[in-house]
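For reference, the structure discussed in these notes is given below.
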Amino acid sequence: MTLRVFIPGDAAALSVGADAVAREVAAEAARRGVLVEVIRTGSRGLLWLEPLVEMATAQGRLGFGAVRAGEVAGLFDAGFPAQGHPRAVGLVEDLGWLRQQTRLTFARVGVTDPLSLGAYRAHGGLAGLEVALGLAPAEIVSLVAASGLRGRGGAGFPAGIKWQTVLGAGDGQKYIVCNADEGDSGTFADRMLIEGDPFVLIEGMVIAGLAVGATKGFVYLRSEYPLAERVLRQALAVARDGGVLGASVLGRGPAFDIELRIGAGAYICGEETALLESLEGRRGVVRAKPPLPALAGLFGKPTVVNNVLSLAAVPWILAHGAEAYAALGVGRSRGTLAVQLGGNVRRGGLFEVPFGMTLRAAVEGIGGGTRSGRPVRAVQVGGPLGAYLPDSLLDTALEYEALAAVGGMLGHGGVVVFDDTVDMARQARFAFEFCAKESCGKCTPCRIGAVRGVEVMDRILQGVERARNLEVLADLTTLMTDASLCAMGGLTPLPVLSALRHFPEDFHRPVG
Amino acid sequence: MSRFTAWDSGEARAVLRPHGGAPDAVLPMLQALQARFGFVHAEAVALVAEAVNLSRAEVHGTISFYHDFRSSPPAGRVIRLCAAEACQAVGGAALLAAARVLADGGDVVVEAVYCLGNCALGPAALVDGALVGHLDAERLAALVQGCAVAAVQVPR
């Protein structure tokens, strides 16, 4: 009997030695004359347990966590026990970390071979597209609207309204653009999805094309994700061979194809209009709105620009119904959120839950507190433009409105944990420094404000006329918030002011 | 030991040819040139401009906007170390400072990068196209000394 072994090929798993473990499993099996099939999957998202090696058994998949090269022979010696072995974690599906989740978008990630279209179909893939092919474009759009799906890139704009605008924008050339320029620190869900289940993104883009009458899609992927690029390139070829993409979608629909484009290291290209400029071959400089990209987007044509996770949620919505999706979540945040736990956290990774879990449940419950074992001091939610929240605000729910109400933002769902050694005045300085590095330069508040911000923070840190410089800081951040062209300059004050509001003592420390 | 071809304008033209002549091919063209030669040579500006019928100023503007494009070949192995918040939270800034000291004067290039998407397993670096997690001073030193990425990908 062939032993089936699943080992992640996800970049995070590789970063702690998954390839070496996979090679060792094959070599050890050959040495012992055991027939083994090693299947490379995405990551289940329990990143602190990577590489997580799973053995198929009649009861389900048995997991062995944080296996290192050199330990594989021991697993063979022990006969892959469910319990007792120091690396054994039992049945993977029974792990609390997975059982507490509602995995819709990430249902197949870590389970299947990401490049097997057969496995994709066998695990529910293409069911949404099959439904969509039987619907009129307006019916698809109204389903997406009824699901309550909001853009996962950060702004949270209702996807249905955006799609409706593009659908209503005449009969000419239109485009679907997938924003995979996942630049926010603390976020890795797009990467994990593309590396672990690229077909669900492809399927979502095809459905979007059917819905608005677009025949061409682009994925704009950041250059910092070389493995995701390789996987997606191969997946696009497989999808073309399998008839999912091409002259007629699944042999029944209109034409749709997708082109993969790679970014060139500019954070601002995650802003949708800068992304469009970059796709057109220019500097990634933000465009003024209006016109909305939905009416005049890529090459001036009506364009849906959606985040990876927004598009990847669509196949599930089509397959299971808008009501089923809308039944999850709280308030105006419907469906599931891919929470990404990073930074100084004991159990970091990705978990997908309906909107509404509290930050405390995420950081302390799921994450187990800090990796250093010291107290949690601050949590930054939503990337480099997100607020730093103190312990007293950890009971805030992870959903758009609740975070906005406490002066923060959900962003792309990244949660970065800091222990009590963090200097929040330095973090505030970094927010300006990052903005100065990555500003596109089009509007003055952002281009000049960020540089002034670094200077003001330096004076505050050095104890130079603190009271007066704090006044300048307040003035500067007000200007940037009110007058910047896009979120880069407009939201940089968020981490700065939240650090100042919640951790004022760090701005008044004695110098030296 | 360079993975790159020495600059040659004839070869550069051949690299550009499959990309056609539409202006939106500028980024893919520049990326193809850098993949072949290790950097975007000053002479490439005119070649790309001619291929897509843009002014040299426009092409130069595009090149200078993006952090990825180099104007000279890298001195050696490039270590891209994450300097963003999630890695800062686990000592990334000190590691970056240490890396710069270690690499000073040698043939290794240390660059700060803002997020590699390995935020739960930081500090992280990207070396030779591969991600390294849970980086510490000792393994960083090994990377600077030319150690294979696979050898340092496994902490403990």
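What helices (runs of 4 or more DSSP H), lying completely within segment A:1-80, carry at least 3 residues that are crowded, with 18+ Cβ neighbours inside 10 Å and at pLDDT 95 or above?
In segment A:1-80, the matching helices (runs of 4 or more DSSP H) lie at A:11-14, A:18-32.
Have a look at A:Gly196, A:Gly168, A:Gly183 and point out the one that is free of Cβ contacts under 8 Å to residues at least 12 places away in the same chain and outside the structural domain of A:Val363 (by TED's automatic domain parsing).
The unique qualifying residue is A:Gly168.
For the condition in the same structural domain as A:Gly153 (by TED's automatic domain parsing) and either of a type in the set (Phe, Trp, Tyr) or closer than 30 Å to A:Tyr120 by Cβ (or both), what is the one hit in A:Ile317, A:Ile366? Lay out the reasoning, then the answer.
On the way: A:Ile366 fails: in the same structural domain as A:Gly153 (by TED's automatic domain parsing).
Checking each option against the conditions leaves just A:Ile317.
Could you figure out which of (1) small (Gly, Ala, Ser); (2) modelled with pLDDT of 95 or more; (3) over 22 Å from A:Leu221 (Cβ atoms); (4) assigned to a loop (DSSP other than H, G, I, E, B) isn't true of A:Gly170?
So the condition that A:Gly170 fails would be (2).
If you take just the helices (runs of 4 or more DSSP H) that sit entirely in segment B:1-69, which of them hold at least 1 residues that are facing another protein chain (nearest Cβ under 9 Å), closer than 16 Å to A:Gly281 by Cα and within 22 Å of the chain's Cα centre (by Cα)?
Counting at least 1 such residues, we get B:26-37, B:56-65.
Looking at this structure, is A:Ser248 within 12 Å of another protein chain (Cβ to nearest Cβ), surrounded by fewer than 23 Cβ atoms within 10 Å (Cβ to Cβ) and either over 24 Å from A:Lys162 (Cα atoms) or in contact (Cβ under 8 Å) with a residue 60 or more places away in the chain (or both)?
Working: within 12 Å of another protein chain (Cβ to nearest Cβ): no; surrounded by fewer than 23 Cβ atoms within 10 Å (Cβ to Cβ): yes; either over 24 Å from A:Lys162 (Cα atoms) or in contact (Cβ under 8 Å) with a residue 60 or more places away in the chain (or both): yes.
No; evaluated as a whole, the condition is false for this residue.
Tally time: how many residues in segment A:446-465 are in contact with an Asp or Glu (Cβ under 9 Å, 6 or more places away or on another chain) and either in the same structural domain as A:Asn307 (by TED's automatic domain parsing) or surrounded by 21 or more Cβ atoms within 10 Å (Cβ to Cβ) (or both)?
3
Could we say that A:Gly128 is surrounded by fewer than 16 Cβ atoms within 10 Å (Cβ to Cβ), small (Gly, Ala, Ser) and either over 21 Å from A:Gly348 (Cβ atoms) or not assigned by TED's automatic domain parsing to the domain that holds A:Ile161 (or both) here?
Working: surrounded by fewer than 16 Cβ atoms within 10 Å (Cβ to Cβ): no; small (Gly, Ala, Ser): yes; either over 21 Å from A:Gly348 (Cβ atoms) or not assigned by TED's automatic domain parsing to the domain that holds A:Ile161 (or both): yes.
Here the answer is no, as A:Gly128 does not meet what is asked.
What do you reckon, is B:Leu81 under 25 Å from B:Ala112 (Cβ atoms), touching a His at 6+ places or on another chain (Cβ under 9 Å) and either crowded, with 18+ Cβ neighbours inside 10 Å or within 12 Å of another protein chain (Cβ to nearest Cβ) (or both)?
Values: under 25 Å from B:Ala112 (Cβ atoms): yes; touching a His at 6+ places or on another chain (Cβ under 9 Å): no; either crowded, with 18+ Cβ neighbours inside 10 Å or within 12 Å of another protein chain (Cβ to nearest Cβ) (or both): yes.
So B:Leu81 does not fit the description; no.
So A:Glu182 passes all but one of these: (1) touching a strand residue (DSSP E or B) at 6+ places or on another chain (Cβ under 6 Å); (2) part of a loop (DSSP other than H, G, I, E, B). Which condition number does it fail?
With respect to (1) touching a strand residue (DSSP E or B) at 6+ places or on another chain (Cβ under 6 Å); (2) part of a loop (DSSP other than H, G, I, E, B), A:Glu182 is out only on (1).
Among all residue pairs at least 6 apart or on different chains, which show Cβ distances below 6 Å where the first residue, located in segment A:67-92, is more than 19 Å from A:Leu47 (Cβ to Cβ) and the second is assigned to a loop (DSSP other than H, G, I, E, B)?
Cβ pairs passing all conditions: A:Ala78/A:His85.
Which one is surrounded by the fewest Cβ atoms within 10 Å (Cβ to Cβ), of the residues in segment B:92-148 that are in contact (Cβ under 8 Å) with a residue 60 or more places away in the chain and farther than 25 Å from A:Phe188 by Cβ?
Once the filter is applied, the top-ranked residue is B:Gly146.
The values are calculated or read from the model by the stated rules, or taken from the named source; none is laboratory data. Everything numeric in this text was worked out from a predicted model, so none of it was measured. Here the Cβ is made from the backbone with ideal geometry for all residues, glycine too, and neighbour counts use every protein chain on show.
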